[in-house]
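Enquirer: Okay, handing you the structure first.
The values are calculated or read from the model by the stated rules, or taken from the named source; none is laboratory data. Since this is a predicted model, take the numbers as computed values, not measurements. Backbone-built Cβ (ideal geometry, glycine too); neighbour counts: all protein chains shown. Just so you know, the surface numbers come from the protein's heavy atoms only, side chains and all, with ligands and any DNA or RNA stripped out. Shrake-Rupley method; radii C 1.70, N 1.55, O 1.52, S 1.80 Å.
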Amino acid sequence: MLALGLVAWSRGAGWLAGVMLLAGSVAHAGSNKNEGPVLIPVEPLGFQALPAQFRSTLATMYTVNFVDEHHLLFTFTVRSLMARLPDAEEDDDDRNVAALLIEVPSGKVLSRTEWRTRDHDRYLWPLEHGRFLLRVRSKLSVIDPLRNFEKGDAWVRQGFLTLERPIGYVAVSPSGNLLGVETLPLRKKKLTGAAASADALAATVPGYKPPPEIRVEGRSPVQIYFFRLKTDGPDWSGRLIAQTAGQVGAPNLINLPTTGDGFLDIKQDKGATWLFDFVSHTGKRLELAAFDTSCAPRPYFISRSEFVAFGCRGATEKQELSYFNLKGEEPWLSVLQGTLVSPSIIGAPGAGRFAMSRTLVAGTVFGTESLTAADLTAQEISVMQNYDGRVLLKVQATPIQRAGQNFDLSPSGEKFAVLRGANLEIYSLPVLKEKDLKAVKLAEGMTPEANEAPVRMGGVEVALKVAEKEEAKEPKEAVAPSSTDPASPAAARAEAPVQALPAGEAVQQSGGKPVVEALGDPQVGERKVPSLYTADHPQEKGDPKPSVPVGPQ
């Protein structure tokens with residue numbers, strides 16, 4: 001079988017790479033291309049293959065994460081007996097999840113446990129310094145498997161946050177110092193007995209309307225809470241603390257590109273041109289390069305000063321990926337071959353690398369909610385260098401998991417792990433060369449000044465009408481609590497001025513001093529269309545005009 005490749009364009013250096021047709025399902029670049037991966041068989045670990053129908057959903061069935069350079073955290077759903085629990089709810093979808101701390105490259109299992117989750121949505125997020133966030137319903141705990149293994153129990157849970165509303169989406173900033181938690185309205189309680197009979201009878205009355213979902217009056221359907229993450233000990237050795245940093249309302253679940261320093265404000269300019277601004281949490285606005293895309297862009301930060309954005313060239317099935325930095329540059333663009341859904345990105349900022357997962361589908365997609373396992377052809381993962389788009393490794397994961405999380409980059413960016421068939425495979429990536437290290441240093445020099453200002457987004461102008469057009473053109477799949485693929489555009493307008501989160505109103509925190517103060521809207525003035533070329537970065541001879549489409553049309 002032939003694996004589909006990328007077409008990468010460098011705006012100053014011409015074509016970086018042509019179309020790559022790769023024999024087999026793995027391609028390797030660099031000095032380690034002749035080295036095979038380390039294989040850790042998963043069947044002896046108790047891994048169980050699951051029915052094919054799970055492939056077409058956004059359920060999380062497996063996770064693969066580096067704890068550090070020499071240890072993996074591997075989790076997977078297991079079929080086993082489950083005891084009845086007294087806190088069972090009517091819409092629970094319980095399962096057992098096995099969690100293993102594995103030594104690399106020996107494959108030795110250092111410790112193992114099982115978690116009981118109450119649904120099939122995402123339950124694990126990696127944090128910095130070997131920690132992880134574990135979700136059970138709307139309760140978030142912190143686990144620190146390697147440090148706690150050395151203390152005698154790898155799976156001790158630190159109480160962290162408990163929210164009253166269902167959690168719909170969780171995001172951690174690239175530097176790991178800002179946590180965003182999006183919550184959904186409380187569900188209506190299902191009536192039973194006489195109340196259910198009365199409701200059924202009322203439904204026969206002409207003009208009957210069912211009671212609305214339980215909501216707090218005057219609030220947006222989705223509430224997004226931000227927390228700054230710190231520890232109470234030196235070198236991140238103490239308890240993790242969440243300090244309240246802000247609250248934003250939104251009409252739906254969103255994928256908001258945010259760092260600990262600021263966020264992207266995205267506007268549609270004219271036609272197929274979109275404008276990116278980086279807005280510091282202190283209110284400072286930085287105009288960045290424009291992005292030519294015929295569909296709403298989907299950006300992801302891969303470091304504090306760099307992000308990539310998915311877009312379309314003429315039609316939604318003609319997709320592309322472009323790289324941007326906070327200096328206002330867009331050095332390269334890759335035309336993505338094949339129709340994809342549910343992309344996911346994992347960055348290794350210290351190495352200037354990221355891994356991109358794409359679920360490829362057969363034919364044209366008219367609605368991702370109707371996808372079946374037969375529609376999915378592959379889950380292709382590419383490890384790329386930030387500054388030039390160079391592909392270091394390309395591999396296909398099996399089984400396919402649309403939600404991603406079945407692969408990871410090590411903190412150094414020099415190892416890559418993925419679940420493939422009967423094995424966990426760990427690849428050695430090319431070591432960083434002098435020019436790579438120079439590029440990482442340059443990117444670090446573009447990093448905005450760090451701040452701990454409250455997250456304020458009340459003045460963000462976002463094209464909600466564009467979102468409505470996108471939904472009309474391609475219906476969004478139904479969003480369940482803890483969905484990993486929220487509807488976007490990539491930023492959303494707060495329906496009311498941002499408010500500080502009242503202490504104890506909707507969140508119970510384990511430690512930390514809440515940030516409580518009134519937040520005002522940042523002032524947004526008229527802006528000119530940004531240019532890739534400025535006085536500091538003049539256009540060089542032979543460079544294409546920013547408005548000229550690049551790559552195949």
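Enquirer: If I ask for residues that are at pLDDT below 95, more than 17 Å from the chain's Cα centre (by Cα) and buried (at least 24 other Cβ atoms within 10 Å of the Cβ), which ones from the stretch 388-402 would you list?
Expert: Residues satisfying the conditions do not exist here.
Enquirer: What do you reckon, is Leu275 closer than 30 Å to His129 by Cα and touching a strand residue (DSSP E or B) at 6+ places or on another chain (Cβ under 9 Å)?
Expert: no
Enquirer: Next question. Of everything in the stretch 113-127, what is open to solvent by 20 Å² or more (accessible area, probe 1.4 Å), of a type in the set (D, E, K, R) and either out of contact with any Pro (no Cβ under 8 Å at 6 or more places or on another chain) or not in a loop (DSSP other than H, G, I, E, B) (or both)? Give them in sequence order.
Expert: Glu114, Arg116, Arg122
Enquirer: Being among the aliphatic types (A, V, I, L, M), open to solvent by less than 20 Å² (accessible area, probe 1.4 Å) and either under 15 Å from Phe76 (Cα atoms) or touching a strand residue (DSSP E or B) at 6+ places or on another chain (Cβ under 9 Å) (or both) is the requirement here; does Leu432 meet it?
Expert: Values: among the aliphatic types (A, V, I, L, M): yes; open to solvent by less than 20 Å² (accessible area, probe 1.4 Å): no; either under 15 Å from Phe76 (Cα atoms) or touching a strand residue (DSSP E or B) at 6+ places or on another chain (Cβ under 9 Å) (or both): yes.
For Leu432, the condition - among the aliphatic types (A, V, I, L, M), open to solvent by less than 20 Å² (accessible area, probe 1.4 Å) and either under 15 Å from Phe76 (Cα atoms) or touching a strand residue (DSSP E or B) at 6+ places or on another chain (Cβ under 9 Å) (or both) - is not met.
Enquirer: Now, a different point. I want to confirm something. Restricting to the stretch 114-156 and keeping residues that are in contact (Cβ under 8 Å) with a residue 40 or more places away in the chain and of a type in the set (Ser, Thr, Tyr), which single residue is farthest from Pro185 (Cα to Cα)?
Expert: Tyr123
Enquirer: Okay, moving on. Tell me whether the stretch 403-410 contains one or more residues that are modelled with pLDDT under 95 and in contact with a His (Cβ under 9 Å, 6 or more places away or on another chain).
Expert: No: zero hits.
Enquirer: Could you check the stretch 398-414 and list, in sequence order, the residues that are more than 22 Å from Ala171 (Cβ to Cβ) and in contact with a strand residue (DSSP E or B) (Cβ under 6 Å, 6 or more places away or on another chain)?
Expert: Kept after step one, since they are more than 22 Å from Ala171 (Cβ to Cβ), are these residues of the stretch 398-414: 398-400, 412, 414.
Residues satisfying the conditions are Thr398, Ile400.
Enquirer: Just to be sure before I move on: is Gly260 assigned to a strand (DSSP E or B) and touching a Ser or Thr at 6+ places or on another chain (Cβ under 8 Å) in the structure I sent?
Expert: Working: assigned to a strand (DSSP E or B): no; touching a Ser or Thr at 6+ places or on another chain (Cβ under 8 Å): yes.
When the stated conditions are applied, Gly260 does not pass them.
Enquirer: Can you name the residue in the stretch 165-200 that is modelled with pLDDT under 90 and of a type in the set (D, E, K, R) and is also farthest from Thr244 (Cα to Cα) among such residues?
Expert: Of everything passing the filter in the stretch 165-200, Asp199 is farthest from Thr244 (Cα to Cα).
Enquirer: Considering each of Gly421, Gly413 in turn, give the residue that is of a type in the set (Gly, Ala, Ser) and either surrounded by 20 or more Cβ atoms within 10 Å (Cβ to Cβ) or closer than 17 Å to Glu306 by Cα (or both). Working first, answer last.
Expert: Details: Gly421 fails: either surrounded by 20 or more Cβ atoms within 10 Å (Cβ to Cβ) or closer than 17 Å to Glu306 by Cα (or both).
Exactly one residue qualifies, and that residue is Gly413.
Enquirer: Looking at Arg239, Arg228, which one is surrounded by 14 or more Cβ atoms within 10 Å (Cβ to Cβ), over 24 Å from Pro448 (Cβ atoms) and either modelled with pLDDT of 90 or more or within 26 Å of the chain's Cα centre (by Cα) (or both)? Talk me through it step by step, then tell me what you get.
Expert: Values: Arg228 fails: over 24 Å from Pro448 (Cβ atoms).
Arg239 is the lone residue from the list that is surrounded by 14 or more Cβ atoms within 10 Å (Cβ to Cβ), over 24 Å from Pro448 (Cβ atoms) and either modelled with pLDDT of 90 or more or within 26 Å of the chain's Cα centre (by Cα) (or both).
Enquirer: Taking the stretch 274-307 as the search range and keeping residues that are more than 22 Å from the chain's Cα centre (by Cα) and among the small types (Gly, Ala, Ser), which one is least open to solvent (accessible area, probe 1.4 Å)?
Expert: Ala289
Enquirer: If you check Glu444 against the conditions, is it out of contact with any helix residue (DSSP H, G or I) (no Cβ under 8 Å at 6 or more places or on another chain), part of a helix (DSSP H, G or I) and in contact (Cβ under 8 Å) with a residue 60 or more places away in the chain?
Expert: When the stated conditions are applied, Glu444 passes them.
Enquirer: Find the strands (runs of 3 or more DSSP E) located wholly in the stretch 1-112 whose residues include 2 or more that are closer than 24 Å to Ala348 by Cα, open to solvent by less than 20 Å² (accessible area, probe 1.4 Å) and at pLDDT 85 or above, and list them. Please lay out each step first, then the result.
Expert: Details: elements: 6-10, 14-17, 26-28, 38-41, 62-68, 71-78, 95-103.
Passing ranges, in order: 62-68, 71-78, 95-103.
Enquirer: Specify the residue that is farthest from Lys441 (Cα to Cα); the eligible residues are those in the stretch 317-353 that are open to solvent by less than 30 Å² (accessible area, probe 1.4 Å) and of a type in the set (Val, Ile, Thr).
Expert: Ranking the qualifying residues of the stretch 317-353, first place goes to Thr339.
Enquirer: Among the residues that make up the stretch 123-131, is at least one of them among the small types (Gly, Ala, Ser) and under 25 Å from the mean Cα position of the chain (by Cα)? Quick ask: steps written out before the conclusion?
Expert: If we filter the stretch 123-131 for residues that are among the small types (Gly, Ala, Ser), which is where we start, we get 130.
Filter again for under 25 Å from the mean Cα position of the chain (by Cα), leaving 130.
Among the residues of the stretch 123-131, at least one is among the small types (Gly, Ala, Ser) and under 25 Å from the mean Cα position of the chain (by Cα), which makes the answer yes.
Enquirer: Another question about this same structure. Which condition number does Ile254 fail, the rest of (1) among the β-branched types (Val, Ile, Thr); (2) open to solvent by 10 Å² or more (accessible area, probe 1.4 Å); (3) outside any strand (DSSP E or B) being met?
Expert: (2)
One line per residue, one yes/no per condition, for (1) part of a strand (DSSP E or B); (2) open to solvent by 30 Å² or more (accessible area, probe 1.4 Å):
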{"position": "Arg147", "(1), (2)": "no, yes"}
{"position": "Trp155", "(1), (2)": "no, no"}
{"position": "Gln158", "(1), (2)": "yes, no"}
{"position": "Ala171", "(1), (2)": "yes, yes"}
{"position": "Ser175", "(1), (2)": "no, yes"}
{"position": "Gly180", "(1), (2)": "yes, no"}
